[in-house]
Amino acid sequence: MALNNKMPDSTQKNIIDLIKRSSKVLVLPSSPPDGDSLGSAIALYIALKKLNKEVTVICGDPVPEVFDFLPNINIVGNKLVSSNDFIITIDCKKIKVDKIKSSIEDDRVNIIISPTEGQFSENDIFFNKGKIAYDLIITVDTAELGQLRAIYENNIEMFNQIPVINIDHHVSNTHFAKINYVDIMAASTTELILPLLEELGKEEKTELIDEDVATLLLTGIITDTGSFQNANTTPRAFEKASELIAYGARQQEIIQYIYKTKQLSQLKLWGRVLSKIQTDEKHRVVWSVVSQQDLLDTGSEVEETGDIIDELMTNAPGAEIVLLMKQKKDKSISVSMRSTSPVVDVSKIAEVYGGGGHTQAAGFRIENMELREAEYDVIKKIKEYQAERLNIIREDEKVTEKDNDTVELAEEIIVEEPKEKKKKKGEFKPKPKKEEEKPIGSPYRFED
Ligand SMILES: [Mn+2]
């Protein structure tokens, strides 16, 4: 465990002492949450619960669905009880509550509590007014308090009154807390929480790291290193990951839910988009389109097109303009363009459509137009721009090219339902194509 001694002893001691002295801990992951901030926060939740502390985890933004598999993900709340709230607490240890109703009469609020059996007395009721409900705040994976947005902005007073522990690995961390444990060499915040929980567990003689905690901590390392692919994957990150697997972290589960599930739909979408690539060598244009049907068929979201335009660029030698047209849910079409040379100004083309950007990266949006119609229109404009720039003479075009005014559009892909019933298991016979059959995904042509 030589690598655990990264944390200055005094910082570790201060954090552990403060945690030991506190009983109501508020844990705040950064917003929007990611695998590292959620993994850190929920791991702390489980561990501190084992030490009989009241722990609350609040995140201002919704938790992305991809993290639904994380153990105890449901404990992440999204609203902090304000210190202005007046809270009426009823002790239900002896008597169970059946129904709670409230009514407003004149200037009075009546709260009617119906027990299943027995009766409540005045002694079962407590009032909390303007009282801060926590005695320690721990922020995780948060570079500055502003990142907590409403949770901080609406409760600045609370942040001034309660001690804050700041555990993070961002270079930009502003050291805003009473105790700052910021290690920019750490690949993830969870990497810093592991030795802390080991030491705290040792002092309290309680095993704090179970399989769930280990899985949560490993999730932070895996997501922040891009599954050990990014440059921040240090020997220590590997060391901590292997330690966590020894604790019982379910590495395959993390990979399955975070990478494999998502990547399959994304790969399908990319395959679809790449197979529809169109090239016009003469005008040096390469493009492809993404329709709503493509997203539906591949089970992907439009965001999953990700950096595909850059992929198009690196795989299109000789192209000067690369563009990707995406049909959005509202049926509008967003067009992103890249130019591979500073002398080709795609922002000029974007301006024609009311868009803009930079010389080599620009975009625009088209409303109320079918994808094919828009594709035809945009490609025609780009060809005109390139024809003028490359001195392509119209006369010459007419002589040498048959379909000079024709734009060949990105092919439409039709997915055929597999005909399982007719096929015997293990037997595969491609259906012979009849001459008269309309070829699948034949290029659609617009004639002027
Ligand atoms: Mn992080």
If we ask which residues in the range 270-311 are at pLDDT below 90 and closer than 12 Å to Leu324 by Cβ, their number turns out to be 10
Check off (1) at pLDDT 95 or above; (2) within 18 Å of Ala214 (Cβ to Cβ) for Phe67 and give me the number that stays unchecked.
-> (1)
Residues of the range 369-391 classified as in contact (Cβ under 8 Å) with a residue 24 or more places away in the chain and either part of a loop (DSSP other than H, G, I, E, B) or more than 17 Å from Val407 (Cβ to Cβ) (or both), total | 3
Any idea which of Asp135, Asp141, Asp168, Asp124 is away from the ligand (no atom under 16 Å from the Cβ), of a type in the set (Asp, Glu) and either crowded, with 18+ Cβ neighbours inside 10 Å or under 40 Å from the mean Cα position of the chain (by Cα) (or both)?
-> Asp135
For the range 228-239, how many residues meet the condition of being more than 16 Å from the ligand (Cβ to nearest atom) and under 24 Å from the mean Cα position of the chain (by Cα)?
-> 1
Could you count how many residues in the range 176-227 are closer than 30 Å to Ile156 by Cα, small (Gly, Ala, Ser) and more than 16 Å from the ligand (Cβ to nearest atom)?
-> 1
If Glu304 passes every condition in (1) surrounded by 14 or more Cβ atoms within 10 Å (Cβ to Cβ); (2) more than 21 Å from Gln266 (Cβ to Cβ) but one, which one does it miss?
-> (2)
In the range 19-129, which strands (runs of 3 or more DSSP E) lie fully inside it and hold 3 or more residues that are among the charged types (D, E, K, R)?
-> 97-105
Hey, any hits in the range 137-159 for a residue that's basic (Lys, Arg) and touching a residue at least 60 places away in the same chain (Cβ under 8 Å)?
-> yes
Go through the residues of the range 197-210 one by one and say whether even a single one is assigned by TED's automatic domain parsing to the domain that holds Pro71, surrounded by fewer than 21 Cβ atoms within 10 Å (Cβ to Cβ), modelled with pLDDT of 95 or more and farther than 20 Å from Lys50 by Cα.
-> no
With the checklist (1) buried (at least 22 other Cβ atoms within 10 Å of the Cβ); (2) in a helix (DSSP H, G or I); (3) hydroxyl-bearing (Ser, Thr, Tyr); (4) more than 13 Å from the ligand (Cβ to nearest atom) in hand, flag the one item Ser242 doesn't pass.
-> (1)
Being β-branched (Val, Ile, Thr) and in a loop (DSSP other than H, G, I, E, B) is the filter here, so list the residues in the range 262-295 that pass it.
-> Ile277
Looking only at the range 25-72, which residues are in contact with an Asp or Glu (Cβ under 9 Å, 6 or more places away or on another chain), polar (S, T, N, Q) and away from the ligand (no atom under 16 Å from the Cβ)?
-> Asn72
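The values are calculated or read from the model by the stated rules, or taken from the named source; none is laboratory data. Nothing here was measured: the structure is a model prediction, and the numbers come from that model. Don't worry about glycine lacking a Cβ; one is built from the backbone with ideal geometry, like all the others, and counts go over all protein chains shown.
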